[in-house]
Each structure stands twice: as structure tokens, then as C-alpha cells.
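Asker: Structure incoming, see below.
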Amino acid sequence: MSQSRADVERDSVVEHVLEVLRSLTQDVDVDPITLQTCLGDTGLDSVCVAYLIGEIQQYYGLKDALYRALVKANLPILTIRVYQLVDCVCEALVQNPAESEG
């Protein structure tokens, strides 16, 4: 069974988000980060989470689209699970295709 383009792109986003999170938490004693992990359980403070969001936006050329998608989700940022962050990235990529090219 072949994956759709959206599935492949989502897989790529998952890998990138997990890679950045693992990089930010490499010096923190936390359980392995999965798609079910809450951002608050990563040991990151709000400054690091802001950096995470900024890094992802820059990587995908989203300007502030990810931030807007997270605001739209209307959840406290530290209660968001990694899969919800990935969903917001994917939503921002779909809503802002011209911004994410390149």
C-alpha cells in the first residue's frame, strides 16, 4: 500500500519535530519523546517552546502561520501533545503553501 503525498509530508514533519525536540532536551532527563508526549512533559520552559515554534516556522518558511494555528487550537501550549503540534504544522503548510515553498 503506497502512502499519499500528505502522509509522506506528515511523516517528514513528525521526524523534524521529534528531531528538534530531542535536540532541545538532550541535556534534560526525560522519558523518550513520542507523538503522545505533552510539551510540558519535555522539561522545556516557555522560552524553549517559543524557540521550538520559531525554529519550525523558519524551517518551513511559515512566517507566523504555526503560531496562528496554535492560537486557533486554543490549548495551553504546555498541554499540547507532539502529535497536535505536528497537526498544526501540517495545517499551516496546507493553509500557507506559497509561504512554505523553498
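Asker: In degrees from 0 to 90, rounded to the nearest 10, what is the angle of the helix 82-95 Cα long axis to the longest principal axis of the chain?
Answerer: Between the helix axis and the principal axis of the chain, the angle is about 30 degrees.
Asker: Another question, then. Working out 0.36 nm times the residue gap between Ser12 and Gln95, then minus their Cα-Cα distance, what length gain in nm do you get to one decimal?
Answerer: Gain on stretching Ser12 to Gln95: 28.1 nm.
Asker: Would you work out which of Val47, Leu70, Leu24 lies farthest towards the positive end of the dipole of the chain? Charges go on Cβ: Lys and Arg +1, Asp and Glu -1.
Answerer: Most positive-ward Cα: Leu70.
Asker: On a 0 to 90° scale, report how tilted helix 5-24 is relative to the longest principal axis of the chain, with both axes built from alpha carbons and the result rounded to the nearest 10.
Answerer: 30 degrees
Asker: For Leu35 and Gln84, calculate 0.36 nm times their separation in residues minus their Cα-Cα distance, and state this gained length in nm to one decimal. Don't skip to the answer; put the middle values down first.
Answerer: On the way: separation 49, 0.36 × 49 = 17.64 nm, distance 0.82 nm.
Value of the extension gain: 16.8 nm.
Asker: Hey, another quick one. Helix 46-60 against the longest principal axis of the chain: what's the angle in degrees, Cα atoms only, rounded to the nearest 10?
Answerer: So the helix axis and the longest Cα principal axis differ by about 20 degrees.
Bear in mind these aren't lab numbers, they're just calculated from the coordinates by the rules spelled out. Source: prediction; values computed, not measured. Glycine gets a Cβ as well: all are built from the backbone with ideal geometry, and neighbour counts include every protein chain shown.
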